[in-house]
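Scroll down for the structure; my scribbles are underneath it.
The values are calculated or read from the model by the stated rules, or taken from the named source; none is laboratory data. Please read all numbers here as calculations on a predicted model, not as lab measurements. Every residue, glycine among them, receives a Cβ derived from its backbone with ideal geometry; neighbour counts consider all protein chains shown. Keep in mind that these areas ignore ligands, DNA and RNA; they rest on the heavy atoms of the full protein, side chains included. Shrake-Rupley method; radii C 1.70, N 1.55, O 1.52, S 1.80 Å.
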Amino acid sequence: RMISFGNYCETFKPKKNIPEGSHQYELLKHAEATLGSGNLRMAVVLPDGEDLNEWVAVNTVDFFNQINMLYGTITDFCSEDSCPVMSAGPKYEYHWADGTNIKKPIKCSAPKYIDYLMTWVQDQLDDETLFPSKIGVPFPKNFMSVAKTILKRLFRVYAHIYHQHFDAVMQLQEEAHLNTSFKHFIFFVQEFNLIDRKELVPLQDLIEKLTTKDR
């Protein structure tokens, strides 16, 4: 399950690549350049003249890759024993359903849930009818609702890592990386109103803390 690129970078699932030379690749490069300037608020803004669907698609793939890597670093700490349920603190528990294979939500361990979730996201990202990578192929009418569901679910992985594995993150000296990634994610979903407020409640205090000094 674990894929290792050298010693420093492990991902939970194979990385999703945006084809080089494509317009989406240019957009990704633009996003990375703006991120490099350190201004995360600016980095999420839709670039002039760009298509919102395409911008959301490129960033969704990028967040999938980031979360993939962040979770990959702590999989040793997230086991059936340590995390028998998928939770974000004592008040929030998530049950898995994907609407097709598993219609009735099932209670499962965090590693199992995250495996289901990341596999499900990966299948959507690989679906050319949902995430077209070819120039000129239009996005489907329901694209935004698909992206919103993906982002809502990816948020749960951040929530689980923060609530259950922050000690491990600190031990690995990954907290700056995790905070930057999460802050970028939050600014992005706030900019385009992509996740309902109630879904963000498990990390509300952290969101306040990370975003207030950048208003």
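Evaluation of Gln190 against the conditions (1) open to solvent by 60 Å² or more (accessible area, probe 1.4 Å); (2) polar (S, T, N, Q); (3) part of a helix (DSSP H, G or I); (4) out of contact with any helix residue (DSSP H, G or I) (no Cβ under 9 Å at 6 or more places or on another chain) shows that the sole unmet condition is (4). Right, Ile195: part of a loop (DSSP other than H, G, I, E, B), more than 16 Å from Phe64 (Cβ to Cβ) and open to solvent by 10 Å² or more (accessible area, probe 1.4 Å) or not? For Ile195, the condition - part of a loop (DSSP other than H, G, I, E, B), more than 16 Å from Phe64 (Cβ to Cβ) and open to solvent by 10 Å² or more (accessible area, probe 1.4 Å) - is not met. Across the range 191-215, the number of residues qualifying as touching a residue at least 40 places away in the same chain (Cβ under 8 Å), closer than 18 Å to Val157 by Cα and out of contact with any Gly (no Cβ under 8 Å at 6 or more places or on another chain) comes to 8. Picking from residues in the range 1-29 that are open to solvent by 50 Å² or more (accessible area, probe 1.4 Å), at pLDDT below 80 and among the polar types (S, T, N, Q), the one that is farthest from Phe63 (Cα to Cα) is Asn7. One residue stands out among those in the range 147-197 that are of a type in the set (Asp, Glu) and over 26 Å from Leu46 (Cα atoms): the one that is modelled with the highest pLDDT, which is Asp167.
All told, Lys91 meets the bar of being touching a helix residue (DSSP H, G or I) at 6+ places or on another chain (Cβ under 8 Å) and of a type in the set (Lys, Arg).
Residues are listed down the side, and each one gets a yes or a no for (1) touching a residue at least 60 places away in the same chain (Cβ under 8 Å); (2) under 28 Å from Lys141 (Cβ atoms); (3) of a type in the set (A, V, I, L, M, F, W, C):
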site	(1), (2), (3)
Glu20	no, no, no
Glu26	no, yes, no
Ala31	no, yes, yes
Trp55	no, yes, yes
Asp62	no, yes, no
Ile67	yes, yes, yes
